[in-house]
Amino acid sequence: MEERVSGDVPESVRRPEYLQGLYLSYLLAGFTLGLLPLVRRLAGRAGVQTGPFVVLPVNAGVHALVRRFQRADGRTPRQRSVAGWFLVTWQLGAPVLASVPPGLVVMRGRSPLWGYLLNVIVGVSLDVLVRRRGRRRRSARP
C-alpha cells in the first residue's frame with residue numbers, strides 16, 4: 001500500500017473552499033454555540049440567540065479570503081502564520097460578538113435551551129450538505 005502526501009489529494013476529492021470554511025466555522029464556534037443557551041438560561045433571559053448561526057457564512061467567506069491570501073505567491077512564512085492566527089482569532093471571536101445584539105433573538109417567550117435544538121438542526125444540515133457535495137464531486141470524476 002502506497003502512502004499519500006497530504007497535498008497529494010486529487011482536486012475532485014477535495015472539499016470546496018467555502019465548505020471547508022463553513023465546516024471549520026461551525027467546529028470552532030462549537031464552544032460558543034454550546035455554552036450560549038446555558039449562559040442565557042442562567043442569566044434569566046428568554047429566547048434563542050441566532051447571532052452565532054448568522055455569522056457562520058460570514059466566517060466561511062473570511063476563511064476563503066485568508067486561505068487565498070496565504071496561498072498567494074510572494075508571501076513569507078511569517079505573513080502566512082499571522083494570517084492563520086488572524087483566522088483562528090476571527091473564527092473564535094465572531095460568534096461571541098454576534099451573540100450580543102438583542103435583535104437576533106427569536107422565540108422570545110421560550111427557554112434559551114431551545115438553542116440546543118437549533119444547534120443540532122444546523123449541525124445536521126451542514127453535515128448533509130458536506131456529504132452530498134463530496135459525493136457529487138466523487139461521482140463527477142472520470
Could you give every pair whose Cβ atoms fall below 6 Å, whose first residue belongs to segment 56-72 and is more than 21 Å from Val96 (Cα to Cα) and free of Cβ contacts under 8 Å to residues at least 24 places away in the same chain, and whose second residue is part of a helix (DSSP H, G or I) and of a type outside the set (Lys, Arg), counting only separations of at least 6 or pairs across chains? Phe69/Ala83; Gln70/Ala83
Of the residues in segment 29-49, those that are closer than 17 Å to Ile121 by Cα and buried (at least 20 other Cβ atoms within 10 Å of the Cβ) come to Ala29, Thr32, Leu33, Leu36, Pro37, Val48, Gln49
Does Gly123 satisfy being within 20 Å of Ser25 (Cα to Cα), surrounded by 14 or more Cβ atoms within 10 Å (Cβ to Cβ), at pLDDT below 80 and in contact with a helix residue (DSSP H, G or I) (Cβ under 8 Å, 6 or more places away or on another chain)? yes
Which pairs have Cβ atoms under 8 Å, sit 6 or more apart or on different chains, and link a residue in segment 83-95 that is farther than 19 Å from Gln49 by Cα to one that is of a type in the set (Phe, Trp, Tyr) and part of a helix (DSSP H, G or I)? Ala83/Phe69
Hey, Gly103 hits all of (1) part of a helix (DSSP H, G or I); (2) over 21 Å from Tyr26 (Cβ atoms); (3) modelled with pLDDT under 80; (4) not aliphatic (A, V, I, L, M) but one; which does it fall short on? (3)
With respect to the numbered conditions (1) outside any helix (DSSP H, G or I); (2) surrounded by 13 or more Cβ atoms within 10 Å (Cβ to Cβ), which one is the sole condition not fulfilled by Phe53? (1)
Give the residue that is nearest to Leu28 (Cα to Cα), with candidates limited to residues of segment 70-87 that are aliphatic (A, V, I, L, M) and part of a helix (DSSP H, G or I). Leu87
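The values are calculated or read from the model by the stated rules, or taken from the named source; none is laboratory data. Predicted model, so just to flag it, every value in this text is computed and none were measured. Glycine also receives a Cβ, built like all others from the backbone with ideal geometry; neighbour counts cover every protein chain displayed.
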